[in-house]
Amino acid sequence: MIRAAVLAAGEGSLLQAILDAVYFNEIPDFELEAVICPRREDYAMTRARHAGVPAFVVDPELFPTMTSHSIAVANKLKDMDIDLVILAGYDCPLGYIPYQFKNRIIGTFPALWPAFGEEEDPVQATLDNGVKITGATAYFADGDGRVGAVIAQKAIDVLPDDTKETLAQRILEDCEWELLTRAVILCCGRKLSVRGRVVTIKE
């Protein structure tokens, strides 16, 4: 059984995709042990509690540096014997966490990596550059907490009348929800092999 925790923030829309997959028993050998948020008012906390999942706050304002905050989160994960960390809109630097969870942190990026990998807002950059096709990327976080080995990608068209808000919502609903859940299912089903920055999906 893989013991997982979700690092979430904000509305928790990506978290809800995982909670739904748990409810419908779609993830093999999987136990969602906790949701960790940086703020008590994040709606992700409410989603977790409604689903009966323990929710914890590790407030960055209580720590002198973001590094010390990340160490506190990493220690919390270690204390719960977590095997897999899932990123769901988490907006704090991972800092120390990837050092303890190499190839065990799964997240999504709202573009087709490596497109706009250096941009603070990839969705806005997509529009600003007149890109016609975008999408999302599921990945294992690297040692710096950034996009590392790519697990899966899905593309959608950029529509002529898209705004940042409409495009971001379609990327979330049409790509990220599916990709994050699929990546976790593949990982828990031991279908993923990682060599360097290359992920192979086993049949």
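A short reminder: the numbers here are calculations on the coordinates, not readings from a lab. Remember, predicted model here, so these are calculated numbers, not experimental data. Using ideal geometry, Cβ is built from the backbone for each residue, glycine included, and neighbour counts are taken over all protein chains shown.
Could you tell me which residue of the stretch 42-87 is farthest from residue 109 (Cα to Cα), considering only residues that are free of Cβ contacts under 8 Å to residues at least 24 places away in the same chain and either among the small types (Gly, Ala, Ser) or touching an Asp or Glu at 6+ places or on another chain (Cβ under 8 Å) (or both)?
Applying the filter and picking the extreme gives 52.
Mind listing just one residue for me: the one in the stretch 153-184 that is touching a residue at least 40 places away in the same chain (Cβ under 8 Å) and surrounded by fewer than 16 Cβ atoms within 10 Å (Cβ to Cβ) and, of those, farthest from residue 29 (Cα to Cα)?
Among those that are touching a residue at least 40 places away in the same chain (Cβ under 8 Å) and surrounded by fewer than 16 Cβ atoms within 10 Å (Cβ to Cβ), it is 164.
Evaluate the following for residue 71: is it more than 29 Å from residue 156 (Cα to Cα), of a type outside the set (Lys, Arg) and more than 16 Å from the chain's Cα centre (by Cα)? Give the steps one after another, and end with the answer.
On the way: more than 29 Å from residue 156 (Cα to Cα): yes; of a type outside the set (Lys, Arg): yes; more than 16 Å from the chain's Cα centre (by Cα): yes.
Here the answer is yes, as residue 71 does meet what is asked.
Return a yes/no flag: does the stretch 108-125 have any residue that is touching a Leu at 6+ places or on another chain (Cβ under 9 Å), more than 24 Å from residue 5 (Cα to Cα), among the aliphatic types (A, V, I, L, M) and in a loop (DSSP other than H, G, I, E, B).
no
For (1) in contact with a Pro (Cβ under 7 Å, 6 or more places away or on another chain); (2) under 23 Å from residue 20 (Cα atoms), each residue gets a yes or a no:
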position	(1), (2)
173	no, yes
177	no, yes
182	no, yes
189	yes, yes
192	no, yes
198	no, no
